[in-house]
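Since the structure comes first, as structure tokens, the remarks are kept for the end.
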Amino acid sequence: MDSADDGRPSPWVPPRPAQPEHLKELFEPGTRIATSFESEMTVSAIRNIATLRVPSGRLVVADALTEGHGAVRELADRIPPGEYRMQGAVVAYEGTYEDECFPVVEDVAVRLLLAEEPVVSWELALTAEDDARLLRDGEIFGFDTDGAAGSFSDAAHWEVLADQYRRYLVEQEDGAGESLGDGHIRTTDEATDSDLVSSCTGGDGTYPVWLGRSSTGQLACVVVVVGYLPELRLL
């Protein structure tokens, strides 16, 4: 253990999990950003993807096709039962391939908008089983995906909604779900008025989920960065 200047042991300081980078700015049209791969991108729009119904007030953020321990991550924080807008942060930039330039437009983050209050703080979303004390500096908890996708869903009806998602995507059962365009898929359980809406991610791996809170501590949004944004910085 480190010692203080007067020789006494320093108090233990819990490690900090990885922190979100510029989440607020990703949802502000006109923001100019850069990464180690792209020298300039502009947030061109905030796109409404779908309305998500969460009648139980319990939220899952997970990939419906990924199985195994911890694959279904129900957030410990509850939200008021209701309907919420799911939105995508759209960036535009000029891509190149074999000396050819072409315009690129893609979603780099998705959020479930819970309130119109401005976000003043961010925190890592946890499940009831997560113990933040186990995280070392820079580590995160998140959902795993083997299929480059993730979903927001009502937790109480996850099994039904995820099964429909698998039937629609894998078994190609048309009536089990619907394509919303740009890689988004929705499944619905009309018996409970609940939904699952999926988005593509930049690849397989583990994706952290971030909670945005207002100045009153109210949950304002739930965000996942789905694009690959290494060394993200503002311009």
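The values are calculated or read from the model by the stated rules, or taken from the named source; none is laboratory data. Keep in mind it's a predicted model, so treat the numbers as computed, not measured. Every residue, glycine as well, gets a Cβ built from its backbone with ideal geometry; the counts of neighbours run over all protein chains shown. We work out accessible area using only protein heavy atoms, side chains counted, and drop any ligands, DNA or RNA first. Shrake-Rupley method; radii C 1.70, N 1.55, O 1.52, S 1.80 Å.
Within segment 125-153, if we keep just the residues that are without any contact (Cβ under 8 Å) to a residue 60 or more places away in the chain and either charged (D, E, K, R) or touching a Ser or Thr at 6+ places or on another chain (Cβ under 9 Å) (or both), the residue that is farthest from residue 58 (Cα to Cα) turns out to be 148.
Condition test on residue 31, is it loosely packed, with under 15 Cβ neighbours inside 10 Å and not aromatic (Phe, Trp, Tyr)? So that I can check it myself, show each step before the final result.
Working: loosely packed, with under 15 Cβ neighbours inside 10 Å: no; not aromatic (Phe, Trp, Tyr): yes.
Considered against the rule, which asks whether it is loosely packed, with under 15 Cβ neighbours inside 10 Å and not aromatic (Phe, Trp, Tyr), residue 31 comes out as no.
Quick check on my filter: what residues within segment 91-103 are open to solvent by 30 Å² or more (accessible area, probe 1.4 Å) and within 23 Å of residue 32 (Cβ to Cβ)? It would help to see each step written out before you state the result.
Of segment 91-103, the ones open to solvent by 30 Å² or more (accessible area, probe 1.4 Å) are 92-94, 96-103.
92, 93, 94, 96, 97, 101, 102, 103 - these are the residues of segment 91-103 that are open to solvent by 30 Å² or more (accessible area, probe 1.4 Å) and within 23 Å of residue 32 (Cβ to Cβ).
Of all residues in segment 48-73, those satisfying the criterion of being surrounded by fewer than 21 Cβ atoms within 10 Å (Cβ to Cβ) and under 10 Å from residue 143 (Cα atoms) are 66, 70, 71, 72. Just one of the numbered conditions (1) open to solvent by 40 Å² or more (accessible area, probe 1.4 Å); (2) modelled with pLDDT of 95 or more; (3) of a type in the set (Val, Ile, Thr); (4) closer than 30 Å to residue 177 by Cα is not true of residue 42: (4).
Does segment 39-47 contain at least one residue that is touching a Gly at 6+ places or on another chain (Cβ under 9 Å), touching a residue at least 40 places away in the same chain (Cβ under 8 Å) and of a type in the set (S, T, N, Q)? Please lay out each step first, then the result.
Let us first name the residues in segment 39-47 that are touching a Gly at 6+ places or on another chain (Cβ under 9 Å), namely 42-47.
Okay, now just the ones that are also touching a residue at least 40 places away in the same chain (Cβ under 8 Å), so 42-47.
Filter once more, keeping what is of a type in the set (S, T, N, Q): 42, 44.
Yes, because at least one residue in segment 39-47 is touching a Gly at 6+ places or on another chain (Cβ under 9 Å), touching a residue at least 40 places away in the same chain (Cβ under 8 Å) and of a type in the set (S, T, N, Q).
Considering segment 164-190 alone, what residues qualify as being open to solvent by 60 Å² or more (accessible area, probe 1.4 Å) and charged (D, E, K, R)? Answer for segment 164-190, where residues must be open to solvent by 60 Å² or more (accessible area, probe 1.4 Å) and charged (D, E, K, R): 166, 167, 171, 173, 174, 178, 182, 190.
Within segment 91-106, how many residues are out of contact with any Cys (no Cβ under 8 Å at 6 or more places or on another chain), not aromatic (Phe, Trp, Tyr) and not in a loop (DSSP other than H, G, I, E, B)? I'd like the intermediate steps shown before the answer.
First, the residues of segment 91-106 that are out of contact with any Cys (no Cβ under 8 Å at 6 or more places or on another chain): 91-93, 96-106.
Cutting the leftovers down to not aromatic (Phe, Trp, Tyr) gives us 91-92, 96, 98-101, 103-106.
After this cut, where a residue has to be not in a loop (DSSP other than H, G, I, E, B) as well, the list is 91-92, 96, 100-101, 103-106.
The total comes to 9.
When segment 112-130 is examined, which residues are found to be among the hydrophobic types (A, V, I, L, M, F, W, C) and either open to solvent by less than 50 Å² (accessible area, probe 1.4 Å) or assigned to a loop (DSSP other than H, G, I, E, B) (or both)? Passing the criteria: 112, 113, 114, 115, 119, 120, 124, 125, 126, 128. Among the residues making up segment 131-158, those that are out of contact with any helix residue (DSSP H, G or I) (no Cβ under 8 Å at 6 or more places or on another chain), of a type outside the set (A, V, I, L, M) and in a strand (DSSP E or B) are 143, 144, 145, 150, 152. Could you tell me whether segment 203-220 includes any residue that is over 18 Å from the mean Cα position of the chain (by Cα), under 23 Å from residue 26 (Cα atoms) and of a type outside the set (S, T, N, Q)? Looking through segment 203-220, at least one residue is over 18 Å from the mean Cα position of the chain (by Cα), under 23 Å from residue 26 (Cα atoms) and of a type outside the set (S, T, N, Q). Among the residues here, residue 88 does not qualify as part of a strand (DSSP E or B), of a type outside the set (Ser, Thr, Tyr), open to solvent by less than 30 Å² (accessible area, probe 1.4 Å) and farther than 24 Å from residue 185 by Cα.
Summed over segment 160-201, the residues that are free of Cβ contacts under 8 Å to residues at least 60 places away in the same chain, more than 18 Å from residue 56 (Cα to Cα), in a helix (DSSP H, G or I) and not acidic (Asp, Glu) give a count of 5.
In segment 59-70, how many residues are in a loop (DSSP other than H, G, I, E, B), in contact (Cβ under 8 Å) with a residue 24 or more places away in the chain and out of contact with any Asp or Glu (no Cβ under 6 Å at 6 or more places or on another chain)? Explain how you work it out, then say what you get.
Taking segment 59-70 as the starting set, the residues that turn out to be in a loop (DSSP other than H, G, I, E, B) are 63-70.
The next check asks that each one be in contact (Cβ under 8 Å) with a residue 24 or more places away in the chain; those that pass are 63-66, 68, 70.
Now restrict to residues that are out of contact with any Asp or Glu (no Cβ under 6 Å at 6 or more places or on another chain): 63-65, 68, 70.
The total comes to 5.
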